[in-house]
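The values are calculated or read from the model by the stated rules, or taken from the named source; none is laboratory data. The shown structure was predicted, so the numbers you read here are calculated from the model rather than taken from an experiment. Cβ sites come from the backbone with ideal geometry, for glycine too, and all protein chains shown count toward neighbours. SASA here: full protein model, heavy atoms, side chains in, ligands and nucleic acids out. Shrake-Rupley method; radii C 1.70, N 1.55, O 1.52, S 1.80 Å.
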Amino acid sequence: MADEWEDAKLRHPVGSKTHGVVRIRRPFGVFIELDGSPEVIGFLDIASYNPDPPVLDLPEVGAKVSAEVAFHDEQKRQIRVRVGEPFWNGS
């Protein structure tokens, strides 16, 4: 699993665009099977979902998602992604 995780981080560097399919949907976010990395989970939380134009709900299971890699969660071994502009930019 360590090699798969390292490979996935190289395939999906922070700041890059990525695509995937929603596999699990929860009220707090969706888990995504990322293109080229089916063994590693992509995660889009509700606070990172800010599409343009705005929609009220998270994508459904089976929906295709285009996103930007926000960070690599080493502890959970997840690639965290966001859709649209961040709600908070740190300034």
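Counted by Cβ distance under 15 Å from P54, the other residues give a net charge of -2, where Lys and Arg count +1 and Asp and Glu count -1. I24 sits with roughly 70 Å² accessible to a 1.4 Å probe, with DNA, RNA and ligands left out of the calculation. Compared with the dominant Cα axis of the chain, that is its longest principal axis, helix 2-11 is turned about 50°.
Here the Karplus relation 6.51 cos²θ - 1.76 cosθ + 1.60, evaluated at θ = phi - 60°, turns the backbone of the stretch 29-42 into coupling constants of x, 10, 9, 10, 8, 7, 4, x, 9, x, 7, 10, 7, x Hz, with x for every Gly and Pro.
Counting 0.36 nm for each residue step from E39 to Q75 and taking away their Cα separation leaves a gain of 11.4 nm. Other residues with beta-carbon under 12 Å from the beta-carbon of K64 carry, at +1 per Lys or Arg and -1 per Asp or Glu, a net charge of -2. All other residues whose Cβ lies under 14 angstrom from that of V30 are scored, Lys and Arg at +1 and Asp and Glu at -1, for a net of +2.
Considering only D52, D73, D35, the Gaussian network model of the chain with Cα springs below 10 Å gives its largest mean-square fluctuation to D52. 3J(HN,Hα) along the stretch 46-56: 4, 6, 9, 9, 9, x, 10, x, x, 10, 8 Hz, from the Karplus curve 6.51 cos²θ - 1.76 cosθ + 1.60 with θ = phi - 60°, whole Hz, x for Gly and Pro. Using equal-weight Cα scatterers in the Debye expression, the normalised intensity of the chain in log10 at q = 0.18 Å⁻¹ is -0.73. Residue separation of E85 and V14 scaled by 0.36 nm, minus their Cα-Cα distance, works out to 24.1 nm of gained length.
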